[in-house]
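The values are calculated or read from the model by the stated rules, or taken from the named source; none is laboratory data. Source: prediction; values computed, not measured. When we count neighbours, we look across all protein chains shown, and the Cβ atoms used for this are built from the backbone with ideal geometry, even at glycine. Each accessible area value is taken on the protein alone, full model and side chains, heavy atoms only, with ligands, DNA and RNA left out. Shrake-Rupley method; radii C 1.70, N 1.55, O 1.52, S 1.80 Å.
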Amino acid sequence: MQRIKTILRVVVLSVLALYFHYILPQHDVVKITSTEIIRTDFSPFNRIFYAQADSGAAEQPTRDLRLINTQKQNTFLLGFVPRDSSRVMVYRNEDTGWIYPPYFKFDSADLQAEAANLARGDEWAVVTHYGWRIRWASIYPNAVAVRTISGPDVTIIPWFNIFFFIFLMAAILFVRAAWRQFRERSVDPLLDAAGEHIDEVQAGVAERKGRLSRWLGTWRAKK
């Protein structure tokens, strides 16, 4: 039983880790090479990895998809240490709207124009995005913002993620402390009272059984 609990905890923690890695913002140092728009037919599998249609447009089974092609600087330690190598990375550019994920992005067209302008020059930029690049399923991370930087050696500190996890840990500790107080004040007394009631019932049943046994014993003695 303890092994099953351990496996379930590992599975839950792994799912949460993957979810946060997908949904939280990430920052890539890139050089934008080009932009394009392709017609996309979604499959039942990869449809869940795409946002909704642009704000004000109707949701269709197929639609135009904005892409931003880049040369991404490779890094160590979650982006804190830059490497001397690079690789290609493609980002999609979609509105997230008011619903999910909660980035409230409505400026995909403006972002595409900004990326196209950067592609004409030789500037380095930081692309803030969420999501994964899964090539065999044609899944792209969604670019949320683009800003220019001085060079590829800039260190980007993910302040939002840091504060988010600090807040999450504080919330978990607060809920845990509140649950302990609630359990000590409300749940434990009820459980103790229920246990005492069960003990009293069991004692009463045992006493009745003892009386019945003694009464039957008197009849056996007369025989």
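Of all residue pairs spaced 6 or more apart or on separate chains, those with beta-carbon atoms under 6 Å, a first member in segment 40-61 that is on the phi < 0 side of the Ramachandran plot and modelled with pLDDT under 75 and a second member that is open to solvent by less than 90 Å² (accessible area, probe 1.4 Å) and not small (Gly, Ala, Ser) are ALA53/GLU59; ALA53/ARG63; ASP54/ASP95; SER55/ASP95; SER55/PHE106.
Residues that are at pLDDT 95 or above and among the aliphatic types (A, V, I, L, M) within segment 140-157 comprise ALA143, VAL144, ALA145, VAL146, listed in sequence order. Among the criteria (1) touching a residue at least 24 places away in the same chain (Cβ under 8 Å); (2) of a type outside the set (Phe, Trp, Tyr); (3) farther than 30 Å from ASN117 by Cα, the one ARG3 does not fulfil is (1). When ASN46 is tested against the conditions (1) among the polar types (S, T, N, Q); (2) open to solvent by 70 Å² or more (accessible area, probe 1.4 Å); (3) touching a strand residue (DSSP E or B) at 6+ places or on another chain (Cβ under 6 Å), the lone failure is (2). Of all residues in segment 109-136 being in contact (Cβ under 8 Å) with a residue 24 or more places away in the chain and within 12 Å of THR33 (Cα to Cα), which is most open to solvent (accessible area, probe 1.4 Å)? Ranking the qualifying residues of segment 109-136, first place goes to ASP122.
Flag: GLN71 matches the condition of being within 30 Å of SER150 (Cα to Cα) and open to solvent by 30 Å² or more (accessible area, probe 1.4 Å).
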